[in-house]
Amino acid sequence: MEWETVIGLEIHAQLSTNSKIFSGAATAYGAAPNTQACAIDLGLPGVLPVLNREAVRMAVMFGLAIEAGVARRSVFARKNYFYPDLPKGYQISQYELPVVQRGQISIDLEDGDSKVIGITRAHLEEDAGKSLHEDFHGLSGIDLNRAGTPLLEIVSEPDLRSSREAVAYMKKLHTLVRYLGICDGNMQEGSFRCDANVSVRPKGQAAFGTRAEIKNLNSFRFVERAIEFEVQRQIELLEDGGTVVQETRLYDPDKGETRAMRSKEEANDYRYFPDPDLLPLVLDEAFIESARTALPELPDARKQRFIDQYGLGAYDAGVLTASRELADYYEALVEALGGEPKLAANWVMGDLAAALNKAGLEIAQSPVGADRLAGLLERIQDRTISGKIAKEVFEALWNGEGEADAIIARRGLRQITDTTAIEQAIDAVLRANPEQLAQYRAGKDKLLGFFVGQVMKLTQGKANPQQLNDLLAKKLKA
Amino acid sequence: MSLGSAEVAKIAHLARLAIGAADIASYARNLSSILELVAQMNAVDTTGVEPLAHPLEMAQRLRPDEVSESDRRERFQAIAPSVEAGLYLVPQVIE
Amino acid sequence: MHTQTIAELAAGLRAGDFSSEELTRTLLDRIGRLDPQLNAFITVTAEPALEQARAADRRRAAGESGALTGVPIAHKDIFCTLGVRTSCGSRILDNFIAPYDATVVEKCQAAGLVMLGKTNMDEFAMGSSTETSYYGPTRNPWDLNAVPGGSSGGSAAAVAARLVPGATGTDTGGSIRQPASLCGVTGLKPTYGRVSRWGMIAYASSLDQGGAFGRTAEDVALLLQVMAGFDPRDSTSADQPVPDYSATLNDPLAGLKIGLPREYFGEGLDAQVAEVIEESLAEYRRLGAELVEISLPNAGLAIPSYYVIAPAECSSNLARFDGVRYGYRCENPQDLLDLYTRSRGEGFGAEVKRRIMIGTYALSAGYYDAYYLKAQQIRRLIGQDFRAALAQVDVIMGPTSPTVAFDLGEKVDDPVTMYLSDIYTIAVNLAGLPGMSIPVGFVDGRPVGLQSIGNYFAEAKLLNVAQRYQQVTDWHRRLPPVG
């Protein structure tokens, strides 16, 4: 039988506010355990929550960016369950009336088509703390620093049909939230993570199959692998005459498989009800408009502009707009250069990207700023140096040896464009290699490269390659 | 509306309350009589009445995004039943 | 000194007739002598009280004192007090030393009030007799066999017995007004949102409201002046200016329209209590007020809907008491579930467990609409009844409680009968209105209270109405046969 996979994702994006969603404690990552858990985060008796304006503004910005309805009135509810990382015994979340309602986002498929994925809702809620299972004499340790960190939970429609689509969708949202500056997207630190609802059904069947929810996937690779494993597991189960149980599962990256969560065995009854400590969140037009004004150019629009304005191909435009910082860098480079968008794109996606990748740095941390790189590209453009020499200059720039011009001057890397000088070098090489010259003239064409190499060696790579080729061809013919 | 012992045990579990076997019956009796009292609500037709969650129909106030709390772990953990290395200790959490 | 009101003590301190330290010592001695039989206090903070008193005396000497500097009070043990046990009447918080002050406590301290201790209460404010306290029942100073009412029974009894001139309380369904009535003192539950709930341990968040006990309306006005006000730490706090409550205390009542809901004078009201109430209303007529009959048609639904809403909120509010971060933890938990169920099972008393279970049940899947939503719809109807009534009259009056104080042990095993003791007070919390109880007489030596209910934020009116009555009567000055 042919099977169809149906996936919906619930993405949890930590909002990059300074303080928590309902308290004035800091949200910085990596502090010593429980040093950023204040009385409210600890759920001390008598404490009360007050909502962080910035978290609301960020949620509204997200809603506007996905063309969603932004609720003028939304409500915070309590989701009640007992767990040691949940200090109050309930999580404050939006249930019946979320702040962001139906929206959508389009993803690019591998065949070049795009597909619109529905976003059911996005709501504000508080994160829980962490249970550490390292051995404390057979006990678990609870760190509540993360408790109360604002989360935007983004729930997709079950529109995704493969693990690849799921990853493309997740990457798209990852780009978007970073563009909006509402989430740092750091997946290792758990700032951006997802739960995947996965089911399969016979191709052509309208009704959904029973789904399993895979919790807490914190890398694109894990999302892809966990879904693939889960789909295979469900298909095998069904083909063997079994049934899929609706349950919560965990992905084990070491084993590459999913397993049922023991703590979630019993059916949960969360007893949602409106939080009586919080009042309805009412947003007026002025609030929503100010969020709209703060929206940056969004990734899709910027990509299209790069295609139109810089004449880039769709692929290059996509790569260069994958993050706001990269796109900003690229545009700063083009501006400093006064044009040459393709040369700039090649360098940003080529040598610069490779160097950053090798050093494990983000574009924002690049030791070569856009201005410096522009200084180098100008010298390529005006033929002061060749593309090959440019790589050497780039390395020097990377190592912090100053401006491109200074490096070129100090190292004497200026390209030789003087015809006489190049001809002298060619003559010297031909004189020194009479045997090779004879062989070439006897028809061994591939020795051309040998002569080019020898001339370059003699000129320390500074001969203008185009001129060298032309002059050498003439001399060899003579 | 009357609750049996099995239902009381289920509710007690949901609320994480240990109730002695000997007490279940009296809880069942008391809870049933409270539910009977509550059932008087059914005497009135509330079709179309908007539920009222709060006596004053105000809107939520928003707080500026400022860090106002500093580390008070020592004070907070001085009253904790069991801590080590700054962590609250509990019997092993199984996921 | 102990028979003086807050206003009189403040005047005495101002005049230099006695120091705050002398006054504090006098009252601490009295507490030491009398409280063993009353059990009005869970914790007496003698040393810190004397320190605060001396600080108040220094402030006065330096010319920095306010109206109430150096006057002693007590706080219901539901308000968090930095460095002092805050038990909420429960075993589960028996070892809880609060690491912060409630806003009410902070404000009282800033006004120079001296805290003598923390008063007894029904566990987590769930009860109408102060018998559900882990620390044993408080007794009524008028009759040691009678309950003081609840849940703020410790505060009411302490004020009645002249252990302290004033005390704070909280009222979720009548927990200030009913014990004020049963102990013959003056108590005010302000409009919901008038007094900050920050640091006030929550029972039912949408109903809880802090307020005050005193012997006179004037004293309660002085305390409310200190306690009331907007608090940015409480999202449900009302951002409304606080009027000068003393300024309008003596306004004449001529032309005042008092509404008498016929539902509060019918079946269930003790005949002798009814007589006393009628007599007090006659006094109001003599003061120039006009009495009109009104109706609160859904009054009978207040208790049923309250016993869904309050338990639902409490089941969630009390989930934080889990033996992990503070409070009682059971011995040798076998696993996580055992830690939770035994810490909570052993830490909470029977009435708290009953309400948690009712609330858990009412919110659980499949029952939410039939219980919680239905109760909230009725809540709206009750609120509408009051709005309609208060459009016609200035104040609504009736008995605070259908009977005088009942005997200890009489109702404690029968929750539903106990609940009916709050039949006239609960609707006021559902609507969020201010309500007050003042002493207006006795039946068989036990006090009777008259309840008055005002419009939103009309505390000044209630205080004025109470003050005028107290100027022409002396029920509030009668001394109980204790000490």
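The values are calculated or read from the model by the stated rules, or taken from the named source; none is laboratory data. Owing to the predicted nature of the structure, the values given are computational and were not obtained by experimental measurement. Cβ coordinates were reconstructed from backbone atoms using ideal geometry, including for glycine residues, and neighbour counts include every protein chain displayed. Surface accessibility is based on the protein's heavy atoms, side chains included, excluding ligands, DNA and RNA. Shrake-Rupley method; radii C 1.70, N 1.55, O 1.52, S 1.80 Å.
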- Message: Anything in the range B:39-57 that is touching a helix residue (DSSP H, G or I) at 6+ places or on another chain (Cβ under 8 Å), surrounded by 13 or more Cβ atoms within 10 Å (Cβ to Cβ) and not in a helix (DSSP H, G or I)? List them, or say none.
- Response: B:Val44, B:Thr46, B:Val49, B:Pro51, B:Leu52, B:Ala53, B:Pro55
- Looking only at the range A:154-166, decide whether some residue is open to solvent by less than 40 Å² (accessible area, probe 1.4 Å), farther than 30 Å from B:Leu89 by Cα, aliphatic (A, V, I, L, M) and not in a strand (DSSP E or B). yes
- Take the residues of the range C:349-366 that are of a type in the set (A, V, I, L, M, F, W, C) and more than 7 Å from chain B (Cβ to nearest Cβ): which is surrounded by the most Cβ atoms within 10 Å (Cβ to Cβ)? C:Val352
- Message: I'm trying to understand the selection: among the residues of the range C:230-246, which are buried (at least 22 other Cβ atoms within 10 Å of the Cβ) and more than 14 Å from chain A (Cβ to nearest Cβ)?
- Response: C:Tyr245
- Among all residue pairs at least 6 apart or on different chains, which show Cβ distances below 7 Å where the first residue, located in the range C:7-36, is free of Cβ contacts under 8 Å to residues at least 12 places away in the same chain and the second is assigned to a loop (DSSP other than H, G, I, E, B) and open to solvent by 50 Å² or more (accessible area, probe 1.4 Å)? C:Gly12/C:Gln4
- Query: Would you say A:Leu64 is modelled with pLDDT of 95 or more and facing chain C (nearest Cβ under 9 Å)?
  - Reply: no
- Message: Any residue in the range C:273-291 that is outside any helix (DSSP H, G or I) sitting within a Cβ distance under 9 Å of a residue that is open to solvent by 20 Å² or more (accessible area, probe 1.4 Å) and of a type in the set (Val, Ile, Thr)? List the pairs, counting only those 6 or more apart or interchain.
- Response: C:Leu287/C:Val472
- Item | Filtered residue count, the range C:390-405, keeping only those that are open to solvent by 10 Å² or more (accessible area, probe 1.4 Å), of a type in the set (A, V, I, L, M, F, W, C) and within 20 Å of C:Gly184 (Cα to Cα) | 1
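Condition check ((1) crowded, with 24+ Cβ neighbours inside 10 Å; (2) within 14 Å of another protein chain (Cβ to nearest Cβ); (3) modelled with pLDDT of 95 or more) across all residues:
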residue	(1), (2), (3)
C:Thr248	no, no, yes
C:Leu260	no, no, yes
C:Gln272	no, no, yes
C:Tyr284	no, no, yes
C:Gly288	no, no, yes
C:Leu291	no, no, yes
C:Pro297	no, yes, yes
C:Ala319	yes, yes, yes
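Condition check ((1) away from every other protein chain (no Cβ under 14 Å); (2) within 19 Å of C:Leu296 (Cβ to Cβ); (3) buried (at least 24 other Cβ atoms within 10 Å of the Cβ)) across all residues:
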site	(1), (2), (3)
C:Leu420	no, yes, no
C:Ile423	no, yes, no
C:Ala431	no, yes, yes
C:Pro434	no, yes, yes
C:Ser437	yes, yes, yes
C:Val440	yes, no, yes
C:Asp444	yes, no, no
C:Val448	yes, no, yes
C:Gln470	yes, no, no
- Task: Among the strands (runs of 3 or more DSSP E) lying completely within the range A:102-152, list those that include at least 1 residues that are at pLDDT below 90.
- Result: A:103-108, A:130-136
- Message: Going residue by residue through the range B:58-70, is there one that turns out to be loosely packed, with under 14 Cβ neighbours inside 10 Å, more than 7 Å from every other protein chain (Cβ to nearest Cβ), touching a helix residue (DSSP H, G or I) at 6+ places or on another chain (Cβ under 9 Å) and among the polar types (S, T, N, Q)?
- Response: no
- Item | Filtered residue count, the range C:176-215, keeping only those that are part of a loop (DSSP other than H, G, I, E, B) and away from chain A (no Cβ under 14 Å) | 7
- Here is a list of conditions, (1) within 30 Å of C:Arg329 (Cβ to Cβ); (2) more than 7 Å from every other protein chain (Cβ to nearest Cβ), and B:Ser32 meets all of them except one; can you say which number that is? (1)
- Message: Just the residues that are in contact with a helix residue (DSSP H, G or I) (Cβ under 6 Å, 6 or more places away or on another chain) and more than 7 Å from chain B (Cβ to nearest Cβ), please, taken from the range C:372-389.
- Response: C:Tyr372, C:Ile382, C:Phe386
- Task: Check the range C:338-346 and report whether any residue there is surrounded by 23 or more Cβ atoms within 10 Å (Cβ to Cβ), within 14 Å of chain A (Cβ to nearest Cβ) and touching a residue at least 24 places away in the same chain (Cβ under 8 Å).
- Result: yes
- Query: Picking from C:Ala62, C:Ala53, which residue would you name as being of a type outside the set (Val, Ile, Thr) and open to solvent by less than 10 Å² (accessible area, probe 1.4 Å)?
  - Reply: C:Ala53
- Members of the range B:2-25 found to be modelled with pLDDT of 95 or more and either within 7 Å of chain C (Cβ to nearest Cβ) or open to solvent by less than 40 Å² (accessible area, probe 1.4 Å) (or both), listed by number: B:Val8, B:Ile11, B:Ala12, B:Leu14, B:Ala15, B:Arg16, B:Leu17, B:Ala18, B:Ile19, B:Ile24
- Task: Could you pull out the residue among A:Arg302, A:Arg271 that is outside the structural domain of A:Leu48 (by TED's automatic domain parsing), open to solvent by less than 40 Å² (accessible area, probe 1.4 Å) and either charged (D, E, K, R) or within 30 Å of A:Leu326 (Cβ to Cβ) (or both)?
- Result: A:Arg302
- Query: What are the pairs, 6+ residues apart or on separate chains, where a residue within the range A:222-249 that is assigned by TED's automatic domain parsing to the domain that holds A:Met170 and open to solvent by 70 Å² or more (accessible area, probe 1.4 Å) has its Cβ under 8 Å from a residue that is in a helix (DSSP H, G or I) and not acidic (Asp, Glu)?
  - Reply: A:Arg225/A:Ser163; A:Glu228/A:Ser163; A:Thr243/A:Leu237
- Query: Of all residues in the range C:367-389, how many are surrounded by 22 or more Cβ atoms within 10 Å (Cβ to Cβ) and of a type in the set (Ser, Thr, Tyr)?
  - Reply: 2
- Query: Would you call C:Asp29 modelled with pLDDT of 95 or more and within 14 Å of chain A (Cβ to nearest Cβ)?
  - Reply: no
- Message: Quick check on the range A:372-388: of everything there that is open to solvent by 80 Å² or more (accessible area, probe 1.4 Å) and not in a loop (DSSP other than H, G, I, E, B), which residue is farthest from A:Glu401 (Cα to Cα)?
- Response: A:Gln381
- Does A:Arg78 count as under 28 Å from B:Ala53 (Cα atoms) and either touching an Asp or Glu at 6+ places or on another chain (Cβ under 7 Å) or within 14 Å of chain C (Cβ to nearest Cβ) (or both)? yes
- Message: Taking the conditions exactly as written (touching a Gly at 6+ places or on another chain (Cβ under 9 Å), open to solvent by 40 Å² or more (accessible area, probe 1.4 Å) and assigned by TED's automatic domain parsing to the domain that holds A:Leu15), does A:Arg146 satisfy them or not?
- Response: yes
- Task: For the range C:292-301, name all the residues that are touching a residue at least 40 places away in the same chain (Cβ under 8 Å) and in contact with a Leu (Cβ under 6 Å, 6 or more places away or on another chain).
- Result: C:Asn298
